[in-house]
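J.: A single structure is presented below for examination.
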Amino acid sequence: MLKHIPPILSPDLMKILMEMGHGDEIVIADGNFPSASIAKRLIRLDGHGVSEILKAIIKFFPLDTYTEKPVALMQIVPGDPVTPAIWDTYKEIITAAEPKHCKFEWIERFEFYNRAKNAYAVIATSESAIYANILLKKGVVSPEEYL
């Protein structure tokens, strides 16, 4: 056991987060996302939702400051009457952790799948909200942040 590591972050997930380099992307996927068929590296966090995982990860995960929009969400399919309330929760979590780098982009569904195929890893969750997938681009840690 280690101190100050949220128990939701498994050893496998912590290893993945440490291995990732600048510009690598990770997807936290909802329960409907085809995680197993898309992922290069799959981390299963069944029984958990995307928001709680995002909240735990963002404490350790620097967002890319060299990219205008380091966070991506799956765009609503035209004609779908859904308004994902979970997006407001994501904005709150990311703004609290990274207020200067909390810009989002919305990616068409199949383009999101393509980005996910190239992501370093996909975290599969039991999130029941639709359009709850989120992609994060990793940034750099400055020397001051090491301590």
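J.: Within the set of pairs 6+ apart or on separate chains, which have a first residue in the stretch 9-35 that is within 13 Å of Tyr131 (Cα to Cα) and touching a residue at least 40 places away in the same chain (Cβ under 8 Å), a second that is open to solvent by less than 10 Å² (accessible area, probe 1.4 Å) and in a helix (DSSP H, G or I), and C-beta atoms under 7 Å apart?
T.: Val27/Ala116; Ile28/Val50; Ile28/Ile53; Ile28/Leu54; Ala29/Ser35; Asp30/Val50
J.: Go through the stretch 9-36 and report how many residues are assigned to a helix (DSSP H, G or I) and either of a type outside the set (A, V, I, L, M) or surrounded by 13 or more Cβ atoms within 10 Å (Cβ to Cβ) (or both).
T.: Residues meeting the conditions: 9.
J.: Could you check how many residues of the stretch 9-25 are of a type in the set (D, E, K, R) and more than 13 Å from the chain's Cα centre (by Cα)?
T.: Filtering the stretch 9-25 for residues of a type in the set (D, E, K, R) gives 12, 15, 19, 24-25.
Retained after the next criterion (residues that are more than 13 Å from the chain's Cα centre (by Cα)): 12, 15, 19.
Final tally of qualifying residues: 3.
J.: For the stretch 95-111, how many residues are farther than 24 Å from Leu9 by Cβ and either in a helix (DSSP H, G or I) or touching a residue at least 40 places away in the same chain (Cβ under 8 Å) (or both)?
T.: Residues meeting the conditions: 3.
J.: Of all residues being out of contact with any Lys or Arg (no Cβ under 8 Å at 6 or more places or on another chain) and aromatic (Phe, Trp, Tyr) in the stretch 120-147, which is most open to solvent (accessible area, probe 1.4 Å)? Just the residue, please.
T.: This residue is Tyr146.
J.: Please determine, by comparing only the residues of the stretch 88-119 that are of a type in the set (S, T, N, Q) and under 19 Å from Gly23 (Cβ atoms), which one is least open to solvent (accessible area, probe 1.4 Å). If you could, list the steps in order and put the result at the bottom.
T.: We begin by selecting, within the stretch 88-119, every residue of a type in the set (S, T, N, Q); these are 89, 95, 114, 118.
Now narrow it down to the ones that are under 19 Å from Gly23 (Cβ atoms): 114, 118.
Values: Asn114: 71, Asn118: 115 Å².
This residue is Asn114.
J.: If you go through the stretch 41-55 one residue at a time, do you hit one that is assigned to a loop (DSSP other than H, G, I, E, B) and among the hydroxyl-bearing types (Ser, Thr, Tyr)?
T.: Scanning the stretch 41-55, I find no residue that is assigned to a loop (DSSP other than H, G, I, E, B) and among the hydroxyl-bearing types (Ser, Thr, Tyr), so the answer is no.
J.: Consider only pairs whose beta carbons are under 6 Å apart and that are at least six residues apart or on different chains; among these, list those whose first residue lies in the stretch 59-88 and is more than 14 Å from Ile26 (Cα to Cα) and whose second residue is open to solvent by 70 Å² or more (accessible area, probe 1.4 Å) and of a type in the set (Phe, Trp, Tyr).
T.: From residues that are more than 14 Å from Ile26 (Cα to Cα), the pairs are Gln75/Trp106.
The values are calculated or read from the model by the stated rules, or taken from the named source; none is laboratory data. Keep in mind that what you see is a predicted model, and the values were worked out from it rather than measured. FYI the Cβ positions are ideal-geometry reconstructions off the backbone, even for glycines, and counts take in every protein chain you see. Side chains included, ligands, DNA and RNA excluded: accessible areas come from the protein's heavy atoms. Shrake-Rupley method; radii C 1.70, N 1.55, O 1.52, S 1.80 Å.
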